[in-house]
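Asks: Take this structure first; my questions come after.
The values are calculated or read from the model by the stated rules, or taken from the named source; none is laboratory data. Because the structure is predicted, anything quoted here is derived from the model rather than measured. Glycine gets a Cβ as well: all are built from the backbone with ideal geometry, and neighbour counts include every protein chain shown. We work out accessible area using only protein heavy atoms, side chains counted, and drop any ligands, DNA or RNA first. Shrake-Rupley method; radii C 1.70, N 1.55, O 1.52, S 1.80 Å.
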Amino acid sequence: MLPTITNGQKLYVEKLTAKSEAKLARGEIVVFKYPRDPSKGYIKRLIGLPGDTVEVKANGVWLNGSKLSEPYVDSKMNLSQWSLPAVVVPARSYYVLGDNRDNSSDSRTWGLVPEDLLVAKVVSR
């Protein structure tokens with residue numbers, strides 16, 4: 001999640017539970033269990049909510065047909081020319097990306113995050 005979060009940086013989070021009042025919003029940073037190995041925790045930025053269409057193009061991320069403004073992405077860490085087909089995010093799933101796009105394992109490579117794997121959202125750094 002460089003440059004937004006550095007190794008060893010303390011984060012304050014709000015746990016997400018069935019009883020939680022926490023609402024998720026696009027652009028927030030979330031903590032979740034890695035879908036391919038739930039024993040591992042990941043931290044990524046929430047890009048696509050249920051019902052959204054997300055398309056990664058060489059010149060940025062497109063959300064529901066419009067280019068997404070991402071001031072948190074450093075252009076020096078986003079040089080790759082990835083282009084992927086559009087994905088419609090199904091109910092109870094989320095599309096996540098790391099801010100360091102050139103060196104991030106995220107929804108582009110392993111898919112969506114099911115809602116039941118979400119653990120917390122970052123509320124302060």
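Asks: Could you list the trypsin sites (Lys or Arg not before Pro) in the range 7-86 that lie in coil according to DSSP, counting only those with at most 10 other Cβ atoms within 10 Å of their Cβ?
Replies: Details: sites: Lys10, Lys15, Lys19, Lys23, Arg26, Lys33, Arg36, Lys40, Lys44, Arg45, Lys57, Lys67, Lys76; in loops: Lys10, Lys19, Lys23, Arg26, Arg36, Lys40.
Sparse-neighbourhood loop trypsin sites (Lys or Arg not before Pro): Lys10, Lys19, Lys23, Arg36, Lys40.
Asks: Do you know the relative contact order of the chain, to the nearest whole percent, from alpha carbon pairs under 8 angstrom that are 6+ apart?
Replies: Details: 245 pairs, mean separation 45.5, N = 125.
Dividing the mean separation by the residue count of the chain yields 36 percent.
Asks: Taking K and R as +1 and D and E as -1, what net charge do the other residues with C-beta under 14 Å from the C-beta of Pro90 add up to?
Replies: Details: positive: Arg92; negative: Asp52, Glu115, Asp116.
Its environment carries a net charge of -2.
Asks: At most 15 other C-beta atoms within 10 Å and a DSSP loop state: those are the exposed chymotrypsin sites (Phe, Trp or Tyr not before Pro) I care about. Give me the longest piece of the chain that has none. Numbers along the way, then the final one.
Replies: Working: sites that count: Tyr72, Trp82.
That would be 1-71.
Asks: With every protein chain present, what is the per residue accessible area of the chain (1.4 Å probe, Å²)?
Replies: Values: 7140 Å² over 125 residues.
So the chain comes to 57 Å² accessible per residue, rounded to a whole number.
Asks: On a straight-distance basis, which lysines could pair with Lys10 in a cross-link, Cα separation under 23 angstrom, same-chain partners fewer than 8 positions away excluded?
Replies: Lys23, Lys33, Lys40, Lys44, Lys121
Asks: Also: What does the charge add up to near Val113, with Lys and Arg as +1, Asp and Glu as -1, over the other residues with Cβ less than 12 Å from its Cβ?
Replies: Numbers: positive: Lys33, Arg36, Lys44, Arg45, Arg92; negative: Asp106, Glu115, Asp116.
The answer is +2.
Asks: Also, I was wondering about something else. Can you check what the net charge comes to around Leu68, using other residues whose Cβ is under 11 Å from the Cβ of Leu68 (Lys, Arg +1; Asp, Glu -1)? Don't jump to the answer; show the numbers that get you there.
Replies: Values: positive: Arg26, Arg45, Lys57, Lys67; negative: Asp52, Glu55, Glu70.
Once positives and negatives cancel, what remains is +1.
Asks: In square nanometres, what is the average projected area of the Cα convex hull of the chain?
Replies: Numbers: hull surface 30.1 nm².
It is 7.5 nm².
Asks: Show the residues, 5+ positions off or on another chain, whose built amide H is closer than 5 Å to the amide H of Asp52.
Replies: Those lying under 5 Å, H to H, from Asp52 are Val89.
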